[in-house]
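First the structure, in the form of structure tokens, and then the observations on it.
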Amino acid sequence: MASRHDRGDASPKLSRPGDRASMQLTFLGAAGEVTGSCYLVDTGEIRFLIDCGMFQGGGEADRKNRSFAFDPRDIAFVLLSHAHIDHSGLLPRLVALGFDGAIYATRATADLLEVMLPDSAHLQEREAEHAEAGHSGRNRGTAPLYTVQHAVASLGRLRPVEYDEPVRLAPSVRCVFRDAGHILGSAILEVWLTAGGAETKLVFSGDLGQPGRPIVRDPTPIAETDVLLVESTYGDRNHKSLAATLDEFAAALNETLVAGKGNVVIPAFAVGRTQEILYFIAELAAQGRIGPPEVYVDSPMALAATRVTLAHAELHDPETARLTSWLASGSGRSRVHFTETLEDSMKINSIRSGAVIISASGMCEGGRIRHHLRYNLSRPECAIVFVGFQAEGTLGRRIVDGAATVRLFGEEHPVRAKVHTIGGLSAHADRDALLGWLGGFQRAPRATWVVHGEPLAAHSLRDAIEQRFGWRAAVPALRQTVSLQRAG
Ligand code: ZN
């Protein structure tokens, strides 16, 4: 099995470090799509990665996950923007293939990874076993991308850093992590690179949060940079206002739980989304806008992530104190059930009405959510409420796009439940918030690269950047290499 941790297909490898005199940046993921975030910086002296994320959404994603475009042994270190698997999920594979440098991340991100990477490895191992046994309908290789052992090894390479404190990473590279307001620990990266006596600054937005949302702070404005990488998940649309979003959410809950006598199933990233959804449910219940529902948080990782969230009170915004006290209060405890064991998880299957079931994965690609969809998706009295972005090729996207039937555990299931997509609950900044953050720059970056968005969203934001600010902006192609230095 271990020998199957090959370097994947015969995709062209990038040249060795030091081949070129100039500083270069290569887009190795989240270019024209939202997953697989990974950027390779080559200063001419050393090479490092910004993010090392997993591609998600089907066989093509699996193929990309298996073929690094570089030799992991050549990478000096990794800067990690945040804990989400589409930004961090290939770190164990990087380590498995020989990377032995440091992984720099904020303290909260490091704490979250302690939970997430071993969990991701479990999932990889389970899927590989399934594929081997012929149970998987998916076109996957039989070797796991990595094992729990690799995940644990990658945790050993983590170097926690503080927000706003300069970190010297190499003689020619320094960096500051700024709060991105997306999930706990999420960061915008400011990176300074020196080569030939000249300094170039690179800013990577990471995933930016929507301002004015609970639990995390608002994204930090950045004043200037030479080269900018900005995310564009919602580059082509605005969320409804928070008030309208909560109206929509309350209506979906009341309609289903009270009038419809069904269950509400919410696929949610265990980290970030689950805690924020709990917060909104607590708020709506406290305001008497919904009857206090029975909430099942069915994801051991969500429980662990909630513990990490509550442990990092120093990062919370003031509203979060209310969630903390609701969860800690007697009534809160009786209303929110965190299930850890498989047995408890399966008990939820027999609940026919009145339950809000929050489970991962957020895009329905794996995990316990698939069981809850199986039991509720074909019942017209139930509702599936999507609260996060659903990437192309994922099961979640197919349901959102109106598929009449979907395949779960080898069987076709008709989609009869109501499907709600509440974009306003997303952890991502919408178009106006992205442009608002970009408006914080005091001068035009020399180059702006619009990343982490599907083509329509990315190009729409690129056009808006050119029109509103007059900056030079472009959407990079996957594996495109660009110079980081001034032309000429
Ligand atoms: Zn994210």
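All of the numbers you see were taken from the coordinates with simple rules; none came from a lab. Being a predicted model, the structure only gives us computed values, none of them experimental. Neighbour counts run over all protein chains shown; Cβ positions are idealised from the backbone, glycine included.
Here are the numbers for the structure shown:
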quantity: Rounded to 5, percent antiparallel among DSSP beta bridges of the stretch 339-486; calculated: 40 percent
quantity: Virtual spin-label span in nm between ARG472 and ASP401, 7 Å along Cα→Cβ; calculated: 3.6 nm
quantity: Full-stretch length increase - LEU456, ASP432 - with 0.36 nm per residue and alpha-carbon distance subtracted; calculated: 7.0 nm
quantity: Helix-derived mean residue ellipticity, 222 nm - over the chain, DSSP H n ≥ 4, -39500 (n - 2.57), to 500; calculated: -9000 deg cm²/dmol
quantity: Descending principal axes extents, the stretch 342-453, alpha-carbon based, whole Å; calculated: 58, 25, 25
quantity: Against the rule of thumb 2.2 N^0.38 Å, how large the Cα Rg of the stretch 242-425 comes out; calculated: 0.97
quantity: Relative contact order, percent, the stretch 386-488 [alpha-carbon distance under 8 Å, six or more residues apart]; calculated: 20 percent
quantity: Share, in percent, of DSSP beta bridges within the stretch 242-425 that are antiparallel, nearest 5; calculated: 20 percent
quantity: Bridge type composition, the chain - antiparallel percent by DSSP, nearest 5; calculated: 45 percent
quantity: Axial C-alpha extent at least 20 Å, average Kyte-Doolittle at least -0.5 - helices from the chain (DSSP); calculated: 455-469
quantity: Relative contact order, percent, the chain [alpha-carbon distance under 8 Å, six or more residues apart]; calculated: 19 percent
quantity: Segment GLU199-GLU162, length gained on full extension (0.36 nm per residue, minus Cα span); calculated: 11.0 nm
quantity: Listed peptides 402-412, 32-42 by packing density, highest first (mean Cβ within 10 Å); calculated: 32-42, 402-412
quantity: Counting all C-alpha pairs of the chain, share separated by more than 41 Å (%); calculated: 16 percent
quantity: Two-site label geometry, ALA286 and ASP247: point separation in nm, points 7 Å out along Cα→Cβ; calculated: 2.2 nm
quantity: Size of charge dipole - the chain - debye, nearest 20, with Cβ of Lys, Arg +1 and Asp, Glu -1, no other charges; calculated: 420 debye
quantity: Relative contact order (percent, whole number), the stretch 242-425, Cα cutoff 8 Å, 6+ residue spacing; calculated: 31 percent
quantity: Per-pair calculated FRET efficiency, R0 = 60 Å: GLU412 and SER22 via Cβ, rounded to 0.05; calculated: 0.65
quantity: For the chain, with +1 on Lys and Arg beta carbons and -1 on Asp and Glu, the positive-most of THR220, HIS82, ALA268 along the dipole; calculated: ALA268
